[in-house]
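What follows is a set of notes on a single structure, which appears directly below.
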Amino acid sequence: MDLRDNELTEVSNLHRLTALETCDLSNNDLEALDFTISVPLSKLWFLNISNNRLSFIDLAELPNIKNLNLDKNSIASIESLSSLKHLETLSWCEQTLISAYGFSEIQYQHCHEVRNLYLSGNSLSTFAPPTPFLNLYHLGLASTGLQTFASDLGVKCPNLRTLNTNYNAIRDLRPLVGIVKLEKLFMAGNRISRLRRTVSVLQYLSKALVEVDMRNNPLTVGFYTPQEPVREERCVALQRHNHTEGDDEDLEAKRIEAYLLPPLDKEQDNTSRERLDEDTKVRRRVHELMIVHTCKRLERLDGLGVDRRILKKDSGVRKRLHELGVLKEKSITERDDCNE
């Protein structure tokens, strides 16, 4: 059922649609939505109620919901969240919270069964799961005001594949140690400044890493040409009228792309790189050498495809790094650097 973009202020008697599987009520003016009914909607697995005026939702009668989109509402807490055993994807971005409703932050603590969790665009003092989120694969925490990671994040979320914490104020990646299968790490627009410390952490994450983005950090200041505006894709924008479970992979790709910087144009970057001052050229070269050397499977760094030929080129930069003990035959930095 697709009722999006209709300026609806009320929807009632949904419980009569016992065969309902998907429901899209996004982009309306709903202030309330009542699912507290005597007959559960046991076939409903997809619900999109984003961009409404909702401040409360109870999903106890939706036992088989798998994909839930609450973006752009005023919902701080989800009643019966812990009972949703089949919930795989929860997009809970950009909530306008009203303190009168009792919570000043998103209450994500009962999301321990969720596979994909998107909280970007909310104000969070921390992300510290009280219990391990062992099923969590994709986590979106972009633009949430985070200054640090919880010290045990790598222990609580060890199976993460994608972590997007762009546009925060994070300085230290060491709490990520323990995430052994991380494939994509997005840290653009933070406060990362220590290259050796950062590379030391990447050593522990490097077995699966295929993409890292450190643009717009003190570490990479001056390296790249100005970027286009950030993509304005909504976290869980649904562009189809007939959503099926087979569409999930495409939908997840769109979710992951939200809050990312666009890729760089290689030719344009080569031109601008030639115009960099010598000091910045050297710093960028060191940055690339150390990270590419450490992450053996890396395919993209800072919005550009990785060219591993840079590791074979004989250059003064590489020679100097060997002399300083930064680049070594077996490892790039001392293990103790992680404790700097």
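The values are calculated or read from the model by the stated rules, or taken from the named source; none is laboratory data. Since the model is a prediction, treat every value here as computed from it, not as a measurement. Methodologically, a virtual Cβ is constructed for each residue, glycine included, from the backbone with ideal geometry; neighbour enumeration extends over all protein chains shown.
The set of residues in the stretch 1-23 being over 13 Å from I65 (Cα atoms) and touching a strand residue (DSSP E or B) at 6+ places or on another chain (Cβ under 7 Å) consists of M1, D2, L3, R4.
Please verify whether L62 is outside any loop (DSSP other than H, G, I, E, B), surrounded by 22 or more Cβ atoms within 10 Å (Cβ to Cβ) and either modelled with pLDDT under 90 or touching a Leu at 6+ places or on another chain (Cβ under 8 Å) (or both), treating the condition exactly as stated.
Answer is no for this residue.
Of all residues in the stretch 90-103, exactly one satisfies the criterion of being touching a Leu at 6+ places or on another chain (Cβ under 6 Å) and either small (G, A, S) or assigned to a loop (DSSP other than H, G, I, E, B) (or both), namely W92. Quick check on my filter: what residues within the stretch 41-85 are in contact (Cβ under 8 Å) with a residue 40 or more places away in the chain and within 18 Å of F103 (Cβ to Cβ)? Within the stretch 41-85, S55, F56, D71, K72 meet the criteria. Number of residues in the stretch 84-110 that are at pLDDT below 90 and farther than 21 Å from H138 by Cα: the value is 8.
Of the residues making up the stretch 256-297, those that are closer than 16 Å to L219 by Cβ, assigned to a loop (DSSP other than H, G, I, E, B) and under 23 Å from the mean Cα position of the chain (by Cα) number 2.
Looking at L87, is it part of a loop (DSSP other than H, G, I, E, B) and either more than 18 Å from the chain's Cα centre (by Cα) or buried (at least 18 other Cβ atoms within 10 Å of the Cβ) (or both)?
Details: part of a loop (DSSP other than H, G, I, E, B): yes; either more than 18 Å from the chain's Cα centre (by Cα) or buried (at least 18 other Cβ atoms within 10 Å of the Cβ) (or both): yes.
The answer is yes for L87.
Which residues, counting only those in the stretch 22-56, are among the β-branched types (V, I, T) and surrounded by 22 or more Cβ atoms within 10 Å (Cβ to Cβ)? First the steps, then the outcome.
To start, the set of residues in the stretch 22-56 that are among the β-branched types (V, I, T) comprises 22, 36-37, 39, 49.
Within the stretch 22-56, just I49 meets the criteria.
Exactly one residue out of L146, L117, L124 is within 25 Å of I192 (Cα to Cα), touching a Leu at 6+ places or on another chain (Cβ under 7 Å), in a strand (DSSP E or B) and not charged (D, E, K, R): that is L117.
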